[in-house]
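What follows is a single structure, written as structure tokens, with notes after it.
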Amino acid sequence: MHIDKLERFWMLAIAVVIGSLSAVLLVTAFLFEVRLPTPYEQFDPAEIEETEFAEPGVRHMGGNKYHVHVLAQTWFFTPDEIRIPRGAEVTFFVTSKDVTHGFFIEEHNVNLMLLPGHVARITTHFQKPGTYKILCHEYCGSGHHTMVADLIVEAPSDSDSDEEK
Amino acid sequence: MQRAKTIDRPVLARLTFPPLSMLKEERWLIGSHILVALLALFPGILMGPFQAFSRSPGFVAMFPEWEIPVFSFYYQALTVHGVMNALFFTVLFIVGHAYFVMQRSLQRPLWKPGLAWLAFVVMIAGLLATAYAIMIEGRSSVLYTFYTPLTAQPWFYLGLTLLIVGTWMAATNLFMTYAGWKRDNPGKRCPLAVFGVMSNFLMWCFATTSVALLMFSMLIPASFGWIEKTDPQLARILFWFFGHPLVYFWLFPAYISWYTMLPAQAGGRLFSQLLGRVAFLMLAIFSLPVGVHHLLADPGISQVAKFVHTVLTFVVIVPSLLTAFNIGAALERAGRQHGATRRLDWLWKQDWKNPVVTAQIGGLFMFIFGGFSGMIHASFTLNIALHNTSWVPAHFHMTLASAVMLTYIGMLYWFVPLLRGRVLWSRTAALAQVATWVGGMILFGHGMGAAGVGGVIRRTDLANAPYFGDETALAFQKASVWLNTTAIGGGLLLISVILLYTNLVGTLFFSRKPLTENQVPISTEGDTRLPLWLENWWMWLGVMIILAAMAWGPLLVDEEILFNAPITGPTGLPMR
């Protein structure tokens, strides 16, 4: 089995490139704390009223921490407007009541698939005040494109005037 | 006993193929596959540019009354585009191509020509059933990924199941043809093209078991109303177990063409036979343990599995990089034959006047963008920024719709003339077609990719989305310039499609000049220096099964199989 010298060199180069890409991936995943959704909680969608998703919304967990429960269904999110103070540590808990949906916050690293019976969870921070669209990014039927909500990141000064939950 | 049987077999089994026409044995069978594939492609491919137009704010502002013709419901057009292009066209073309390669390279007829026709009829029945469900019945706009609990009409799933069953029958025929050749030629190595077909169909048969399981356990019973609930996460796992091998099923005929025909067509010679086989095997085997990179944002799959599949995805880049070297070296030789003398001038001193070569080199060129864009969004850390944005269709329009499709087009430019025994109707039109395709796809791919980075989501009827004309939706407004360049790309591609079909119809009906130049180099020999165990297909199947079990088994442990999501129709209403 003869392999040309040039080609051997090329194969070595491939191995080095692939090896270093994998290493970079591992290092950056730890360094920047990139976390992907991982199994967290499963329940029967018929019993959704008995879970925290019966009353979706923002919960202040004390200090700088917030929990946000969002329920997706054809074709809207509940709540459809979420207000978060700038810099807070926000954990989203999101699920779907019916079909496959998506949960994507533009200009931020929040990108989840939503499946009925599974809770998708992700923790993040919002540094820049403004209004961002939350989009359903998985096809969920004929009204899919209308499934939009707003995320409002408030600067500390104007969040004082709002009542906090 | 065995001996007595083999004595007269070679006499029966050998065929001599004319280089400039097709035997009766191949013309009707292969011609039918290729032509029906092109018919299935036609409605699907037309929907592509129309969707690009409808997603462009500039286009919509210019033509506010315009609608996608025939299928004005965006998601119906999108379902037609995905299902016809990516499933029916590709599969019919690949099966026809496999028959051609097998018969010509082994110089023997198929094991059972009757079975090949039966498989064809089964696939056509599948095509009609699915096309009826999507285009006429109309309540099957579930896109080509058909994620449950969104449920289509039964004809949709029955048609796709028939398509898969047809491929299994075709695979049986191919395997038995190979086995017959092997029996008659003990100790011989099969030609590289046959090695590619065998790798491809072995991978396909193993991978399709999961989608068959999905069809029979959930989708068909759900659409008939025999079961009322399905398990969406398990369904996605079963779909993507099959989904990534599907991608390579498309790619294989292109690889076979690049490795076994392009070097001779371009005037060069393949650099390494051995590494060609290694690339084919790696592609087939490592297509299986990587599918979770399509599911990196799913809630029911552990981060560990996601990481493992990402790293294995990098392994599957190896055969493509080997190919880049091998085919690159073959093209360098070809370039030197065409007068290249400096270090890199072989890159442009190619036979650009030959559309067969030009289309394939165009495909190879686009595969560079396809490969790198795929590495980016298959990465554990980067996917979160790109998952389900228009970056994803940008990627597979560089791979499937460019690398694969341009190579198929290059093949069609010799296939159809060979079928008809006449030269290609217009070389100029063919070259213009390739140029508009490459240019259109670059604009389209870049536009979709850049829009995806800006946060524009994929497969969404943007024109009717509330933020489409909304000046306060800043992120979308910023990205929408790229949706306009995408539409310009779509316009070029529409021209390209018209040129392609006109030329092929012209070749079939109006071309008068008989074929004089052999554009179809077929190798009937395998390199005798190669080890025979490379062709131990049972062993490779075993390796596939073990790797797949190791990569996918842990996912099922994570899964509390629920089967409790009520099914829903695409209109958003419960099915019944």
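Read-outs throughout are calculated quantities, based only on the coordinates presented, and are distinct from any laboratory measurement. It should be emphasised that the depicted structure is a prediction, and the values quoted were computed from it without experimental measurement. Don't worry about glycine lacking a Cβ; one is built from the backbone with ideal geometry, like all the others, and counts go over all protein chains shown.
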Q.
Over the Cα atoms, compute the radius of gyration (one decimal) and Dmax (the largest Cα-Cα distance, rounded to a whole number) for the range B:1-137, in Å.
A. 21.4, 78
Q.
Show log10 I(q)/I(0) for the range B:280-403 at q = 0.11, 0.20 Å⁻¹, two decimals, from a solvent-free Debye sum over equal Cα scatterers.
A. -0.48, -1.10
(Q) Helix A:5-31 against the longest principal axis of chain A: what's the angle in degrees, Cα atoms only, rounded to the nearest 10? (A) 20
(Q) Suppose the chain between B:A212 and B:A61 were pulled fully straight at 0.36 nm per residue; how much longer would it get relative to their current alpha carbon spacing? (A) 49.9 nm
**Q.** Efficiency of FRET between B:T528 and B:Y501 - r from beta-carbon atoms, R0 35 angstrom, step 0.05
**A.** 0.20
Q: Could you let me know the centre-to-centre spacing of the range B:409-431 and the range B:311-350, using Cα atoms, in angstrom?
A: 25
Q: Obtain the radius of gyration and the Kirkwood radius of the protein assembly as shown from its C-alpha atoms and give Rg over Rh.
A: 0.98
**Q.** Gain upon complete extension [B:L115, B:I376; 0.36 nm per residue less C-alpha separation]
**A.** 89.7 nm
Q) So what is the diffusion coefficient of the range B:122-192 in µm² per second by Stokes-Einstein at 10 °C and 1.306 mPa s, using a Kirkwood Rh over Cα pairs? A) 111
(Q) How large is the translational diffusion coefficient of the range B:494-538 in µm² per second when you combine the Kirkwood radius over alpha carbon pairs with Stokes-Einstein at 10 °C and 1.306 mPa s? (A) 105
Q. Tell me, B:T323, A:T131, A:T38 in order of fewest to most beta-carbon neighbours within 10 Å?
A. A:T131, A:T38, B:T323
Q. In terms of Cα to Cα distance under 29 Å, which lysines are near enough to B:K24, apart from those fewer than 8 places away along the same chain?
A. B:K5, B:K112, B:K182, B:K188, B:K513
Q: Find which of B:V453, B:T524, B:P393 sits farthest along the positive direction of the dipole of the range B:386-534, computed with +1 on the beta-carbon of Lys and Arg, -1 on that of Asp and Glu, about the Cα centre.
A: B:T524
Q | DSSP bridge pairs, chain A: antiparallel proportion in percent, nearest 5 | A | 65
(Q) Distance between the C-alpha centers of the range B:222-284 and the range A:37-62? Whole Å please. (A) 39
Q) To one decimal place, what Kirkwood hydrodynamic radius in Å is obtained for the range B:399-532 from all pairs of distinct Cα atoms? A) 17.8
**Q.** Considering only the protein assembly as shown, percent of DSSP beta bridges that pair antiparallel, nearest 5
**A.** 70
Q) So which DSSP H runs in chain B come out at 15 Å plus along the axis (Cα) with average Kyte-Doolittle of at least 1.0? A) B:90-106, B:113-131, B:192-214, B:273-285, B:303-315, B:355-377, B:405-420, B:474-509, B:537-558
Q | Extension gain from A:I152 to A:D4, taking 0.36 nm per residue of separation minus the Cα-Cα distance | A | 47.2 nm
Q. Listing B:W352, B:W425 from the residue with the fewest other Cβ atoms within 10 Å to the one with the most, what is the order?
A. B:W352, B:W425
Q.
For the range B:350-415, take the convex hull of the Cα atoms, compute a quarter of its surface area, and give me that in nm², please.
A. 4.6
Q) For the pair B:R269 and B:E517, what calculated FRET efficiency results from E = 1/(1 + (r/R0)^6), where r is the Cβ-Cβ distance and R0 = 22 Å, to the nearest 0.05? A) 0.70
Q) Setting aside same-chain residues fewer than 8 positions from B:K229, which aspartates and glutamates have a Cα under 17 Å from its Cα? A) A:D44, A:E47, A:D98, B:E559, B:E560
Q: Report the label-to-label distance for B:F42 and A:A46 in nanometres (one decimal), using points 7 Å from each Cα along the Cα→Cβ vector.
A: 4.9
Q: Note down, for the range A:41-161, the three equivalent ellipsoid semi-axes (square root of 5 times each alpha carbon gyration tensor eigenvalue), biggest first, whole angstrom.
A: 24, 17, 11
Q | Semi-axis lengths, Å, chain B, gyration tensor of Cα atoms, sqrt of 5 times eigenvalues | A | 36, 29, 24
Q.
Once R0 is set to 51 Å, what does the formula 1/(1 + (r/R0)^6) return for the Cβ-Cβ distance between B:S72 and A:V17, expressed as a FRET efficiency to the nearest 0.05?
A. 0.60
